[in-house]
Amino acid sequence: MDAGGPRRSKGGNAEVIPLPPSAPPGVLTSDALASDAGFFPTPDQYLALVRALKDDGFELCADLCGVDYLEHFDRALPEGVTPTRFEVVVNLLSLSKRVRVRVRVQAGTKEPRVDSLFDLYPGSEAMEREAFDLFGILFDGHPDLTRILMPEEWEGHPLRKDYAVGRVPVQFKEAPGPR
């Protein structure tokens, strides 16, 4: 990516999408697929970057999800980003600026964890619980990090790439008679 930062096409002209002035120094940027800009903070920069983006007019956390790159450490990342197995991807939207940005933070390999965005975007609570439930990603500072989709007694995290595919018995009703 060139030194000016990611660019957004606006009527044929490329417009630079800068980091907010209050963003932590050293956050890597890149063009992003289906987004106007991509930001790659370290876990330590993550919360400060999202806070800076919110203060800069990104009113909506449209999506937050976990990703397991078990065997894909060779994925496309900007130079300087050290890939880990788990990643948290956040899509923020500025309705007033008509801009969408994607924040991708490497969450770790053995015990993935990042800070919770709940205090900044209360609507992210359920999305973080889902990422915890299905991937085992921990969100520090989350008010109620409990399972949301799987039963409480469920063992493991079913969307992890190394999760064993088990056999759950399926009970079928007897087929109805002729109609």
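The values are calculated or read from the model by the stated rules, or taken from the named source; none is laboratory data. Here the structure is a predicted model, which is why all the values come from computation and not from measurement. FYI the Cβ positions are ideal-geometry reconstructions off the backbone, even for glycines, and counts take in every protein chain you see.
Applying the set (1) over 14 Å from Gly66 (Cβ atoms); (2) of a type in the set (A, V, I, L, M, F, W, C); (3) in contact with a Cys (Cβ under 6 Å, 6 or more places away or on another chain) to Phe118 leaves exactly one unmet item: (3). Of the numbered criteria (1) surrounded by fewer than 20 Cβ atoms within 10 Å (Cβ to Cβ); (2) at pLDDT 90 or above; (3) part of a strand (DSSP E or B), the one Cys61 fails is (1).
Just to verify a result, which residue in segment 14-31, among those that are in a strand (DSSP E or B) and hydroxyl-bearing (Ser, Thr, Tyr), is modelled with the lowest pLDDT?
Looking only at segment 14-31, we keep the residues that are in a strand (DSSP E or B), and these are 14-16, 28-31.
Those left that are additionally hydroxyl-bearing (Ser, Thr, Tyr): 29-30.
Working: Thr29: 89, Ser30: 86.
Taking the candidates together, the pick is Ser30.
For segment 40-80, taking the residues that are in contact with a Leu (Cβ under 6 Å, 6 or more places away or on another chain) and of a type in the set (Phe, Trp, Tyr), the one that is farthest from Glu111 (Cα to Cα) is identified as Phe58.
Among the conditions (1) touching a Lys or Arg at 6+ places or on another chain (Cβ under 6 Å); (2) at pLDDT below 95, the only one that Asp68 does not satisfy is (2). Each residue in segment 119-154 was checked for being closer than 13 Å to Val88 by Cβ and loosely packed, with under 13 Cβ neighbours inside 10 Å, and 1 of them qualify. Out of (1) on the phi > 0 side of the Ramachandran plot; (2) of a type outside the set (A, V, I, L, M); (3) surrounded by 17 or more Cβ atoms within 10 Å (Cβ to Cβ), what's the single condition that is false for Asp56? For Asp56, the exception is condition (1). Of all the criteria given as (1) buried (at least 20 other Cβ atoms within 10 Å of the Cβ); (2) at pLDDT below 95; (3) more than 27 Å from Lys161 (Cβ to Cβ), the one not satisfied by Gly38 is (3). Do we have any residue at all in segment 144-160 that's in a loop (DSSP other than H, G, I, E, B), at pLDDT 90 or above, charged (D, E, K, R) and within 20 Å of Val50 (Cα to Cα)? No - not one qualifying residue is present in segment 144-160. Among the residues of segment 93-116, those that are assigned to a strand (DSSP E or B), farther than 20 Å from Gly26 by Cα and among the aliphatic types (A, V, I, L, M) comprise Leu93, Val99. Got a sec? Which of Val88, Val114, Val99 is closer than 21 Å to Leu149 by Cα, of a type outside the set (Asp, Glu) and touching a residue at least 60 places away in the same chain (Cβ under 8 Å)? The conditions single out Val114.
Scanning segment 24-35 for residues that are surrounded by 14 or more Cβ atoms within 10 Å (Cβ to Cβ) and under 18 Å from Lys97 (Cα atoms) returns Asp31, Ala32, Ser35. If you go through segment 117-141 and pick out every residue that is part of a loop (DSSP other than H, G, I, E, B) and either over 26 Å from Val81 (Cα atoms) or free of Cβ contacts under 8 Å to residues at least 12 places away in the same chain (or both), you end up with 3.
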